[in-house]
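Student: Take this structure, written in structure tokens, and hold onto it; I'll ask about it next.
Computed from the coordinates by the stated procedures, all read-outs in this text should not be read as laboratory data. None of the values given here were measured: they were computed from a predicted structure. Glycine gets a Cβ as well: all are built from the backbone with ideal geometry, and neighbour counts include every protein chain shown.
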Amino acid sequence: MDFNFKDYEVWFVTGSQHLYGEEALRQVGEDAEKVAKSLGERPEIPVTVVYKPVMTDSSSIRRLIQEANAHEKCIGLILWMHTFSPARMWIAGLGELRKPYLHFHTQFYRDIPWESIDMDYMNLHQSAHGDREFGFINTRMRKNRKIVVGHWQDPEALAAIGAWCRVAAAWQDGQGAKIARFGDNMRDVAVTEGDKVAAQIQFGYEVNGYSLSDLTSYVDEVGEGQIQALLEEYEASYNLTDRVKEGGEFREYLKESARIEAGLRAFLKDGGFKGFTTNFEDLTGLRQLPGLAVQRLMKDGYGFGAEGDWKTAALLRAMKVMSAGLKGGTSFMEDYVYHLDPAGQRILGAHMLEVCETIAKDKPVLDVQPLSIGGKENPARLIFTAPAGPAICASLIDLGNRFRMVVNEVEVVDPPADLPKLPVARVLWDPKPNLKVAAEAWILAGGAHHSVFTQALTSKYVEDYCEIAGIEYVLINEETEIRKFKQDLRLGEIYYHLARGI
Ligand code: MN
């Protein structure tokens, strides 16, 4: 997807005080500007880093934060206390801050100059305790924030800052984002339901329903020229099976898929939507379940959830933004079938049709095949396999009084065979720590069968997102042990019950 991170700003703000005199403050400003400039030039950090003057009193901090809140391009702040900055001056500002922020616990010089260190040096480079004073007031005010520790040229610290900047950009992208639902939820399904008003309050995006006639009026408008252009694009991008090639028995079905894609694209573009859901139980006026169209729209950065699953659609959009430009794909996913061989217990992830081609290892095959669900015309779909390597699955659920994010770290493996009769895109993975523990933990946590699967992001990104959103985050990984996991879930019940207040 196209996403220009440089359009987004992170403001680099340094705290100090007047105690040290003008010369020290000048030096602090000079050092901070160097750090800000360096961060902005690093490839790990994709956004624009803007240096802001050193803060030394409560009223200027408050003014700066009001400015940040109102600034459309500002997606968050990086805060650093170069010297000591008595933290009561931060109370008013932090109380009003509505943007995400990162506390960068760094120091201008990496090493102690053993031969020359004197009290002037000690006074100037005291983030070791200045940042602790600042940290205290954040904790005292119960503020969610990201803390990164390390020298400002330390690759680990830079990677952590870069990841957080991507998450902050995704958060900003989600504010006011619109998700379209065609039809309602798949009947009787529980986990795809949820409180859309609560989600708008918590995450900032809005979810609105549309009837299928809203969509079909766009699909019916699509002209032959648009269909032809899409068919050419398909031919250039995918390996078409004989039956969908020009003159093939299913060519007409492929043309209909192209018509649906063009109509859906136009609807989403006109309405300024960033994600959408479909429901195979309500396809009134459409001749096929949109498969290929959904796959291609996901590739372009649209969030998607099948069967009315708007939570996954919005989460996919957020994770698409976080991962823009990174290696590896991100897709809507479903835990489908198990391989329960004791020698290697695995999950085969797939969906009826809708898996994003960004996770394809090789050029996808484009085919039309019958679909046993939905009672419609044979739909077109891209068929491919995801490459081996680390990945995560993330699922957002609504527990009634709060949202919970469940993440599983997994390892994608190559399927042992070509699966020649499976007509959908697929991923085979080993969940960590193993299938038995991972599945038990996932089910205990209430994780859905739908998830966002990504080979571009680590669990840290999702954790940062949950911190910004202020929601519960549950991780299943190599260290997961069921007894401890149950305790964590129970603690979460108490904490989020109390933290929310009345
Ligand atoms: Mn599904």
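Student: Based only on other Cβ atoms within 10 Å, what is the fewest-to-most ordering of PHE273, PHE5, PHE304?
Tutor: In increasing order of surrounding Cβ atoms, one gets PHE5, PHE273, PHE304.
Student: log₁₀ I(q)/I(0) of the chain at q = 0.08 Å⁻¹, via Debye over equal Cα point scatterers, no solvent, to two decimals?
Tutor: One equal scatterer on each Cα of the chain leads to -0.55.
Student: OK, next. For Cα pairs less than 8 Å apart in space and 6+ apart in sequence, what is the mean separation divided by the residue count of the chain, i.e. the relative contact order in percent?
Tutor: 12 percent
Student: Using alpha carbons only, how many degrees (0 to 90, rounded to 10) separate the axis of helix 22-41 from the longest principal axis of the chain?
Tutor: That works out to roughly 20 degrees.
Student: Any chance you could check the Cα centroid distance between segment 68-108 and segment 401-426 for me, in angstrom?
Tutor: 39 Å
Student: Quick one: if the Förster radius is 25 Å, what FRET efficiency do ILE201 and ASN4 give, using the C-beta to C-beta distance and rounding to 0.05?
Tutor: Approximately 0.30, to the nearest 0.05.
Student: May I pose another question? Restricting to DSSP H runs of at least four residues, report the calculated mean residue ellipticity at 222 nm for the chain, -39500 (n - 2.57) per run over all residues, nearest 500 deg cm²/dmol.
Tutor: Taking each H run of at least 4 residues, the total per residue is -12000 deg cm²/dmol.
Student: Still on this structure, please answer the following. If I fit a long axis through the Cα atoms of helix 435-445 and take the longest principal axis of the Cα atoms of the chain, what angle between them do I get, 0 to 90°, rounded to 10?
Tutor: 70 degrees
Student: To continue, here is another question. Below 11 angstrom from the Cβ of ASN144, what's the summed charge of the other residues (Lys, Arg +1; Asp, Glu -1)?
Tutor: Residues near ASN144 contribute +2 overall.
Student: Angle check, please: helix 58-70 long axis (alpha carbons) against the longest principal axis of the chain (alpha carbons), in degrees 0 to 90, nearest 10.
Tutor: 10 degrees
Student: Take the Cα atoms of segment 140-270, build their convex hull, and give its volume per residue in Å³.
Tutor: 224 Å³
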